[in-house]
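Let me begin by presenting the structure, written as structure tokens, before commenting on it.
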Amino acid sequence: MSQEIKTFTISVYTENNIGLLNRISAIFQRRHINIESLTTSQSEIKNVNRFVIVVKITEDQAIKVVRQIEKQVEAIRAYYHTNDETIFTENCMFKIKSELLFEEPQIQNIIKESDARIVTVNRDFFVLENTGRRHEIEELREKLDKFGIMQFVRSGRIAVTKEEMKVSEILEEFRNQQ
Amino acid sequence: MNTETIKKEVNKAAKTERISGSEAIIRCLIAEGVDILYGYPGGAIMPVYDELFKYRDRIHHVLTRHEQGAAHAAQGYARISGRVGVAMATSGPGATNLITGIADAQIDSTPIVCITGQVPSHLLGTDAFQETDIVGISTPVTKWNAQVTKASEIPEVMAKAFYIAKSGRPGPVLIDITKDAQFEEFDFKYEKCTAVRSYNPVPKTDSNDVKAAAELINNAKKPMIVWGQGVILGKAEEELKAVIEKSGVPAAWTILGASAIPTSHPLNVGMVGMHGNYAPNKLTNECDLLIAIGMRFDDRVTGDLNTYAKQAKIIHFDIDPAEINKNVKVDLAVLGDSKESLALLLSELKENSHDAWLKEFNDLYAIEYDAVIKDDLLPEKEGLTMGEVLKEINNYSDGNAAIVSDVGQHQMIACRYAEFNHSKSNITSGGLGTMGFALPAAIGAKMAEPHREVVAIIGDGGYQMNIQELGTIFQQKAAVKIVVLNNEFLGMVRQWQQLFFDKRYASTEMTNPDFVTIAKGYHIDAKRVTKREELADAVKEMMESDASYFLEVCVEKEDNVFPMIPSGASVSDIRLS
Ligand SMILES: Cc1ncc(C[n+]2csc(CCOP(=O)(O)OP(=O)(O)O)c2C)c(N)n1
Ligand SMILES: [Mg+2]
């Protein structure tokens, strides 16, 4: 088993339950594992939630953590994947003074080159949004930083896996079970 | 709650009735077969207590003297009977006082359901009087927990609570019910829960894994079984016994596995772990095949993992996939319920015997006997030993008593020397090591199985952690036999101070009260023994008593428990002195 520390994306399918976030994050906390990001949303299945958790751990730890998560009554299934096994992205927003848009023509180039989208513009500020890998977002932030950023925010990673996750089948099995 | 996610027992006869949430709670308990529960009232749970009063002919509420006592009593009830224990408390401090028992039940896989009252839902989050986030606090130490704010949710949540507590690998469940939900009326109908969508309590046993296990066992020259509580929880005692006898494999047990197979069985080679027997610890590092059954390779069992059974192939039978390769990397895992997997295994095993290998165990036992056991059980020195007290109890119990031990030296002595003929007879706090466990747990055990003799073995330290439960014993007339082995020390800690901290006895010596007077204050017959000549008669008197009885035995102050695997050492470096 590799003892090398890598980035793993842990995907968890769960019932929609108030206390579950607490239960799942406690599993990491107890093992002194820092959660790099955690995103929760509805999944492709009605009434089933999906957590996407990014951690830097060994594969051995990843296996154990996934089993501990699956052990929770309301966790349907958990998986871990490396970056290569997933398609992932992050989302970011910048709030910037509107006057810069006109005074600093370079900003317009940066926006164009980065494929960022202007969400809104008003007299005082405009809001820029972009999605991409972390390094792309970081690059954009560095470029804009020189002009002054009023607010910056970046989301956690969201990811889909290349391989199939057979959660629907588990649920179907339950429905068919007498 | 999302009702699509659970399956219920079809109960066409069940009619709906309009009742309050608190009455519904009692009706759910009765429907689940609960005859006794342990608890303590207070503001946020008063509506439920009012219903308990009305239903007092059908369900017996035991007022403990502390909520921790209620939780441990529920544990004792569950451990001796295999049924779900129930504890109840009010919000805030009542609820937090349950936590130690809940954590203990979690780590020792004990099925209990705890019900706590909560402030009315409109006050949640306002720092109301006696509001505490007990769902948040109990999350890491419960198998499942939930808060109920509407009466209509009560039947389903209660059904789920009992199902989850007892199914698969059992554990504690906490249900927190707001006071308004207790008062609210609704149309009640109860259907037991039979499945939860996201929860697979018993993984299917793969017959190929069983065949592979049988092949390894059939071909092993020096196989050894270590079984744990999974055998008892899975009611697989008979299957295990048959497996052992057919294969001829010597079998050792963890502290929580004790009593699953009678002590006197010729293939029962004793306890593994820090203060376990010499032979099974030493031979863990000599066997060629280690068969772990329903145990979790706790560090007190394995010692240093880097030198644990490295020469052996390892098979792990367990119901919990999270236990596989958690601490010890195994060669083969057989998932599933122990009763089922052992029955399958049995049919694949060859009749076999391992006489030469078994003799190695017996030879090492002889060494342990000369170095340790003889002096523990038949001491020649003046001071009384804990071991001779256990020996005397064995004389009168014939191995038929349930022994409830607390935590410390006396616990290790009790588990080493108590003789057992029946399963579910060794009730002790293994995983959490909770001092204060034994007295209330013994109450729960005695009330669950009144026909059984229940003897609590407690240290002078742990006794004082829940000594108030003498009041419960008196009020309930629970015929618990209480033995305090008084060494005037927090003995186990003192032993470590002696061995590893140059005898600096920091805060381990205790000036104790007159325990006999205290017991008598609770109208419990009591005696103190200080001399060997008095011991046998005193134990006899205690064992023959039909009522509760308190026996204090003043033992040697600075005796140590051996053998011992110093923490962090290898099992094969077990010390005899
Ligand atoms: C609640 C709790 N606090 C502290 C400990 C640490 N501890 C383990 S054994 C022990 C000493 C127990 O003393 P006593 O009850 O007199 O039993 P003895 O070892 O003397 O037989 C202590 C303090 C514990 N296990 N549980
Ligand atoms: Mg003591």
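The values are calculated or read from the model by the stated rules, or taken from the named source; none is laboratory data. Just so we're clear, the structure is a prediction, and the values are computed from it rather than from any experiment. Methodologically, a virtual Cβ is constructed for each residue, glycine included, from the backbone with ideal geometry; neighbour enumeration extends over all protein chains shown. All accessible areas refer to the heavy atoms of the entire protein, side chains included, with ligands and DNA or RNA removed. Shrake-Rupley method; radii C 1.70, N 1.55, O 1.52, S 1.80 Å.
Computed in the context of the full set of protein chains, the accessible area of region B:1-145 at 1.4 Å probe radius has 52% of its extent on carbon or sulfur.
Here region B:1-63 is described by how far its Cα atoms reach on the three principal axes: 37, 24, 21 Å, from widest to narrowest. Legend: P(r) of region B:118-195 from all alpha carbon pair distances, 5 Å bins from 0, whole percents, reading 3, 16, 22, 22, 19, 12, 6, 1. Simple rule: put +1 on each Lys or Arg Cβ and -1 on each Asp or Glu Cβ in chain B, find the dipole, and look at B:Ile261, B:Leu390, B:Gly276; the Cα lying farthest toward the positive end is B:Ile261. Does anyone have the angle between helix B:386-397 and the longest principal axis of chain B? Alpha-carbon axes, 0 to 90°, nearest 10? The two axes meet at around 70 degrees. Working from label points 7 Å from Cα in the Cα-to-Cβ sense, the A:Ile18 to A:Asp124 distance is 3.7 nm. Taking 18 Å as the straight-line reach from the Cα of B:Lys204, the aspartates and glutamates in range (excluding those fewer than 8 positions away in the same chain) are A:Glu70, A:Glu169, A:Glu172, A:Glu173, B:Glu239, B:Asp318, B:Asp320, B:Glu323, B:Asp337, B:Glu340, B:Glu348. Interface between chains B and A: roughly 2000 Å² of accessible area buried, both sides summed (probe 1.4 Å, protein heavy atoms only).
Note: chain B, Cα convex hull, 153 Å³ per residue.
Normalised by 2.2 N^0.38 Å, where N is the number of residues, the alpha-carbon radius of gyration of region A:43-178 equals 1.45.
Among beta bridges from DSSP that stay inside the protein assembly as shown, the antiparallel ones total about 45%. Close amide-amide hydrogen proximity is noted between B:Tyr38 and B:Val62, B:Val86, B:Ala87, B:Met88, each under 5 Å apart and 5 or more residues distant or on a separate chain (H modeled in the peptide plane; Pro and chain starts excluded). Could you tell me the center-to-center distance, by alpha carbons, between region B:227-269 and region B:54-72 in angstrom? Computed from Cα coordinates, the inter-centre distance equals 34 Å.
Rounded to the nearest 20 debye, the dipole size of the protein assembly as shown about its Cα centre is 1040 debye, using +1 on the Cβ of Lys and Arg and -1 on the Cβ of Asp and Glu.
Taken along the Cα-to-beta-carbon direction at a fixed 7 Å, the label points for B:Glu380 and B:Ser207 span 6.1 nm. From its DSSP helices (H runs of at least four residues, each -39,500 (n - 2.57)), chain B gives a residue-normalised ellipticity at 222 nm of -10500 deg cm²/dmol. Between B:Ala547 and B:Glu533, the contour length at 0.36 nm per residue exceeds the Cα-Cα span by 2.6 nm. With each label modelled as a point 7 angstrom along the Cα→C-beta vector, the B:Arg56-A:Arg134 pair spans 6.4 nm. Three principal axis extents of region B:382-554 based on alpha-carbon atoms, in descending order, are 48, 35, 35 Å. Considering helices alone, the calculated mean residue ellipticity of chain A at 222 nm is -10500 deg cm²/dmol, with DSSP H runs of length four and up weighted by -39500 (n - 2.57) and normalised per residue.
Using C-alpha pairs below 8 Å separated by at least 6 residues, the relative contact order for chain B is 15 percent. Beta-bridge orientation, region B:6-196: approximately 25 percent antiparallel, per DSSP, counting only bridges with both partners inside. Summary of packing: across the peptides B:462-470, B:113-121, the per-residue average of other C-beta atoms within 10 Å ranks them, highest first, as B:113-121, B:462-470. Across the protein assembly as shown, Cα-Cα pairs more than 42 Å apart make up 37 percent of the total.
Remark: chain B carries a charge dipole of roughly 980 debye about the Cα centre, counting +1 on each Lys and Arg Cβ and -1 on each Asp and Glu Cβ. Once the convex hull of all Cα atoms in region B:6-196 is built, its volume per residue stands at 104 Å³.
Using the Karplus relation 6.51 cos²θ - 1.76 cosθ + 1.60 with θ = phi - 60°, the per-residue 3J(HN,Hα) values for region B:539-544 come to 5, 4, 4, 4, 5, 7 Hz, with x marking Gly and Pro. Relative to the longest principal axis of the Cα atoms of chain B, helix B:355-368 runs at roughly 90 degrees.
Loop-located trypsin sites (Lys or Arg not before Pro) in region B:1-99 (DSSP state not H, G, I, E or B) with no more than 15 neighbouring Cβ atoms inside 10 Å: B:Lys12, B:Lys15, B:Arg56, B:Arg58.
The calculated pair-distance distribution of region A:89-154 uses every alpha carbon pair, bins of 5 angstrom beginning at 0, and gives 4, 18, 34, 29, 11, 3, 0 percent.
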